[in-house]
Amino acid sequence: MLGVKEQMEVIKRGAVEIIPEEELLRKIKNSIKSGKPLRVKQGFDPTAPDIHLGHTVGLRKLRQFQELGHKIILIIGDYTGMVGDPSGRSITRPQLSYKEVRENAETYQKQFFKVIDKSKTEVHFNGEWFSKMSFQGIIQLASKFTLARMLERDDFSNRYSKQVPISLHELFYPLMQGYDSVAIKADVEIGATEQKFNLLTARQIQQEYGVKPQVILTLPVLPGTDGVQRMSKSTGNYIGIDESPKQIFGKIMSVPDDLIYPYFELLTDVSSEELKEIKNDLEKKEKNPMDFKKRLGIKIVSMYHSEKEALEAKKEFEKVFSKKELPEEIPIYELRYEKPKIWIVKLLTMTGLVSSSSEARRLIRQGGVYLNGKRVDDENLEISVEEEKVLKVGKRKFLKVISA
RNA sequence: GGAGGGGUACCCAAGUGGCCAAAGGGAACAGACUGUAAAUCUGUCGGCGUAGCCUUCGGAGGUUCAAAUCCUCCCCCCUCCA
């Protein structure tokens, strides 16, 4: 096991706050002395079935704790998932059914272990304790906190002042998360900065239940591919770690240039010297940001697939978008049509390339439809059904149409 | 229980009888440009074989030549008082 100083250095990298830092020092010291690893907790609510790069910021930190010899406790919030975390939210989250949550949890676990080491991880569903909690227990838990303190949160107070509804069950979320820490006796809990309130509430709840309070460690929130909102599945600005190499690479390339540095910092292992260099180069603007993005894309795809696939994805990207050639693999559509000729608009809607014929006409007018590499400029074009053809809609949609 | 304010397209939001398929912004999509699925600029953004029609402003009825807009009932949200 590494010494206190060395451990702290690893732990502090990329962290925003450690509260209280002295307490963490003490805990690590004790852990080294006693040989007992720290219990480091992070919870995830399985609201959407996919883990994306935003989740990996925390998971990677857990991984580092593992490498330092500590115990990771992963809480899968099957019960908290039914409430929905109000953190950073301006509206009530849609409530999920228990069944949905359990199904998502399955997928989650598979993906977790692409980042962290399964053999050194303890997994709990918080239903383990919440499903057994009596109403009496709930009253007891609720009595540990006051409304005034709850309303200190700016997400709640914003909603309240903007007259956006806050349901009572949402108030339970921080209490439940706190109780998780009681149940598993967490020494450290990590979470994104927007989790600070929940994380701090847990400290208080732990003390109320006679458990030593945890140290909290916050990490930056990862912006999504739009460069503005936090990465999340519901806003559609995410990159899932289970996506194909091509998709991950392509999405990295579509990220605004400003995100290049934060992504390198939060999502990859590049050394701090290398990071500095990247920052300098980006600021000087002498080098092409595209090349940094390619490097980033290769790094990230390599982590979740392989280096070989990463290089292939890069090649494919250059082929399709830089050279504007046809991609390596094009999906095939088998066309069944009773007449020898088919109207182009009809074909586009039939194949699902566009959702309505108005849209098809619009795209043709805008010059976004290609047939066998030639731009289609006639909305009334009739094309032969027999002949094999390749359709391109916009920059990214390709389809090979063959007659069935 | 009483009083008042609201519900408009994917999201925010304007519209209080016809000029409303509905301003503006965001998102999305297309094109141009390039350094890329970045940035910027331009355009599109309910549906229908494009031609005028059809469907849409919380829901159901009604008034009117004409309703997002007026009337009735209902549902939902917010605020204040109790």
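The values are calculated or read from the model by the stated rules, or taken from the named source; none is laboratory data. In this text the structure is predicted, and so the values were computed from the model without any measurement. Virtual Cβ from ideal backbone geometry, glycine too; neighbours counted across all protein chains shown. Areas reflect the complete protein model, heavy atoms only, side chains present, ligands, DNA and RNA absent. Shrake-Rupley method; radii C 1.70, N 1.55, O 1.52, S 1.80 Å.
Return a yes/no flag: does region A:345-357 have any residue that is over 30 Å from A:Thr268 (Cβ atoms), more than 13 Å from RNA strand B (Cβ to nearest atom) and open to solvent by 70 Å² or more (accessible area, probe 1.4 Å).
Let us first name the residues in region A:345-357 that are over 30 Å from A:Thr268 (Cβ atoms), namely A:345-357.
The next check asks that each one be more than 13 Å from RNA strand B (Cβ to nearest atom); those that pass are A:351.
Subsequent filtering for residues that are open to solvent by 70 Å² or more (accessible area, probe 1.4 Å) retains none.
No: zero hits.
Of a type in the set (Asp, Glu), open to solvent by 20 Å² or more (accessible area, probe 1.4 Å) and either over 26 Å from A:Lys132 (Cα atoms) or assigned to a strand (DSSP E or B) (or both): which single residue out of A:Glu194, A:Glu189 fits that description?
On the way: A:Glu189 fails: open to solvent by 20 Å² or more (accessible area, probe 1.4 Å).
That would be A:Glu194, the only listed residue that is of a type in the set (Asp, Glu), open to solvent by 20 Å² or more (accessible area, probe 1.4 Å) and either over 26 Å from A:Lys132 (Cα atoms) or assigned to a strand (DSSP E or B) (or both).
Of everything in region A:274-309 that's more than 10 Å from RNA strand B (Cβ to nearest atom) and in contact with a Phe, Trp or Tyr (Cβ under 7 Å, 6 or more places away or on another chain), which residue is nearest to A:Phe112 (Cα to Cα)?
Checked region A:274-309; the qualifying residue nearest to A:Phe112 (Cα to Cα) is A:Val301.
Starting from residues that are touching a residue at least 40 places away in the same chain (Cβ under 8 Å) and small (Gly, Ala, Ser), keep the ones in region A:140-186 and report whichever is nearest to RNA strand B (Cβ to nearest atom).
Once the filter is applied, the top-ranked residue is A:Ser167.
Out of (1) open to solvent by less than 80 Å² (accessible area, probe 1.4 Å); (2) of a type in the set (Val, Ile, Thr); (3) more than 24 Å from A:Val228 (Cα to Cα), what's the single condition that is false for A:Val301?
(3)
Looking at region A:313-336, which of its residues are out of contact with any Asp or Glu (no Cβ under 6 Å at 6 or more places or on another chain), more than 24 Å from A:Ser384 (Cα to Cα) and outside any loop (DSSP other than H, G, I, E, B)?
A:Ala313, A:Lys314, A:Lys315, A:Phe317, A:Glu318, A:Val320, A:Phe321, A:Ser322
Could you grab the pairs with beta carbons closer than 7 Å, sequence gap of 6+ or different chains, first residue in region A:252-265 and touching a residue at least 40 places away in the same chain (Cβ under 8 Å) and on the phi < 0 side of the Ramachandran plot, second one open to solvent by less than 20 Å² (accessible area, probe 1.4 Å) and away from RNA strand B (no atom under 12 Å from the Cβ)?
Short answer, once both residue conditions are applied: A:Ile252/A:Ile300; A:Glu265/A:Leu275.
Quick one: A:Val182 ticks every box in (1) outside any helix (DSSP H, G or I); (2) open to solvent by 10 Å² or more (accessible area, probe 1.4 Å) bar one, so which box is it?
(1)
Residue by residue through region A:125-156, note down the ones that are open to solvent by 70 Å² or more (accessible area, probe 1.4 Å), of a type outside the set (A, V, I, L, M, F, W, C) and part of a helix (DSSP H, G or I).
Answer for region A:125-156, where residues must be open to solvent by 70 Å² or more (accessible area, probe 1.4 Å), of a type outside the set (A, V, I, L, M, F, W, C) and part of a helix (DSSP H, G or I): A:Glu128, A:Gln136, A:Gln140, A:Arg149, A:Asp154.
Of all residues being polar (S, T, N, Q) and touching a residue at least 24 places away in the same chain (Cβ under 8 Å) in region A:100-138, which is farthest from A:Val301 (Cα to Cα)? Just the residue, please. Quick ask: steps written out before the conclusion?
Within region A:100-138, the first condition is being polar (S, T, N, Q), and the residues that meet it are A:104, A:107, A:109, A:111, A:119, A:121, A:126, A:131, A:134, A:136.
Cutting the leftovers down to touching a residue at least 24 places away in the same chain (Cβ under 8 Å) gives us A:104, A:107, A:109, A:111, A:121, A:126, A:131.
Details: A:Asn104: 23, A:Thr107: 20, A:Gln109: 20, A:Gln111: 15, A:Thr121: 24, A:Asn126: 32, A:Ser131: 39 Å.
If we take residues in region A:100-138 being polar (S, T, N, Q) and touching a residue at least 24 places away in the same chain (Cβ under 8 Å), then A:Ser131 is farthest from A:Val301 (Cα to Cα).
Looking at A:Ala202, A:Ala186, which one is small (Gly, Ala, Ser) and touching a Gly at 6+ places or on another chain (Cβ under 8 Å)?
Values: A:Ala186 fails: touching a Gly at 6+ places or on another chain (Cβ under 8 Å).
Of the residues listed, the single one that is small (Gly, Ala, Ser) and touching a Gly at 6+ places or on another chain (Cβ under 8 Å) is A:Ala202.
Go through region A:1-51 residue by residue and tally those that are more than 29 Å from A:Tyr108 (Cα to Cα) and open to solvent by 20 Å² or more (accessible area, probe 1.4 Å).
Of the residues in region A:1-51, 20 are more than 29 Å from A:Tyr108 (Cα to Cα) and open to solvent by 20 Å² or more (accessible area, probe 1.4 Å).
Can you confirm whether A:Glu359 is within 27 Å of the chain's Cα centre (by Cα) and part of a helix (DSSP H, G or I)?
On the way: within 27 Å of the chain's Cα centre (by Cα): no; part of a helix (DSSP H, G or I): yes.
No: the conditions fail for A:Glu359.
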